[in-house]
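See structure below.
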Amino acid sequence: MRTEQAPVPTRFTVVARTLHWTMAVMVIAILFIGVFMVTSIADFRFLVTIHEPLGIAILVFVLARICWRLTHVPPPFPPGMSRIDRLAAKYSERLLYVLLLVQPLIGWAMVSASGEPIVHFGSLYLPDIAPQNVTLFADLLRAHIVAAYLLYLVFAAHLAGVLLHTIVFRNRVLDRMAFWRASSSASAMVEEEQPVS
């Protein structure tokens, strides 16, 4: 008896899309806050009270997103997308995950090494994950800055790649992560190959 195969999804799940766009807003916000923290000494303490809990929130979201991604097969890439483009998309996404995972942990350890408590919300304090040490704090601060620059670059490359494929190649790659409904012709086009693994 012949069984029909389930249709291949053309978009990420609603949960994946919600996590993606929520994280996009948070990452953009924390990158701008990081810039303002460096350039605005007068508002530094106030910005820290936003920066630290936002960084922890990003850590929680990226862990949730990684867990969701590992248990759900992503939709295929648009037809006609070259193997090089697929590999670039795959590994830049993985690098972004790593940076979004490592950067908050470095920041958390850095604050722990400084001896300052991390206030998450109200009277909720996070435990220290590194010993109080001036030298360690300086090393972690440098690592936090380097990781921030890398995050800027990878995030900008990710955005540029999406815009290139959406505006120039017009292969509707953005529809995979969009909440709007793709056209019927675009929805009908499903890549025969499996995503690059």
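Looking across region 170-189, the residues that are surrounded by 14 or more Cβ atoms within 10 Å (Cβ to Cβ) and either modelled with pLDDT of 90 or more or under 21 Å from K90 (Cα atoms) (or both) come down to N171, R172, V173, L174, D175, R176, M177, A178, M189. Scanning region 159-169 turns up no residue that is farther than 30 Å from P78 by Cα, exposed (fewer than 13 other Cβ atoms within 10 Å of the Cβ) and within 23 Å of the chain's Cα centre (by Cα).
With the requirement that a residue be more than 19 Å from M26 (Cα to Cα), among the aromatic types (F, W, Y), over 18 Å from the mean Cα position of the chain (by Cα) and exposed (fewer than 12 other Cβ atoms within 10 Å of the Cβ), what does region 83-141 give you? Answer for region 83-141, where residues must be more than 19 Å from M26 (Cα to Cα), among the aromatic types (F, W, Y), over 18 Å from the mean Cα position of the chain (by Cα) and exposed (fewer than 12 other Cβ atoms within 10 Å of the Cβ): just Y125. Only residues that are more than 18 Å from Y91 (Cβ to Cβ) and surrounded by 16 or more Cβ atoms within 10 Å (Cβ to Cβ) were counted in region 144-158, giving 2. Residues of region 129-145 that are farther than 16 Å from V102 by Cα and part of a loop (DSSP other than H, G, I, E, B): P131, Q132, N133.
Criterion applied to T49, T71 was being surrounded by fewer than 13 Cβ atoms within 10 Å (Cβ to Cβ) and modelled with pLDDT under 90, and the one residue passing it is T49.
With the requirement that a residue be part of a helix (DSSP H, G or I) and charged (D, E, K, R), what does region 34-54 give you? Of everything in region 34-54, those that are part of a helix (DSSP H, G or I) and charged (D, E, K, R) turn out to be R45, E52. A search for C-beta distances below 8 Å between a residue of region 8-26 that is under 14 Å from W180 (Cβ atoms) and any residue that is acidic (D, E), counting only pairs 6+ apart in sequence or on different chains, returns T10/D175; R11/D175.
Kindly provide the set of residues from region 29-46 that are among the β-branched types (V, I, T) and touching a residue at least 12 places away in the same chain (Cβ under 8 Å), ordered by number. Listed by number, the residues that qualify are I30, I33.
The values are calculated or read from the model by the stated rules, or taken from the named source; none is laboratory data. Treat the numbers as computed from the prediction; the structure is a model and nothing was measured. Don't worry about glycine lacking a Cβ; one is built from the backbone with ideal geometry, like all the others, and counts go over all protein chains shown.
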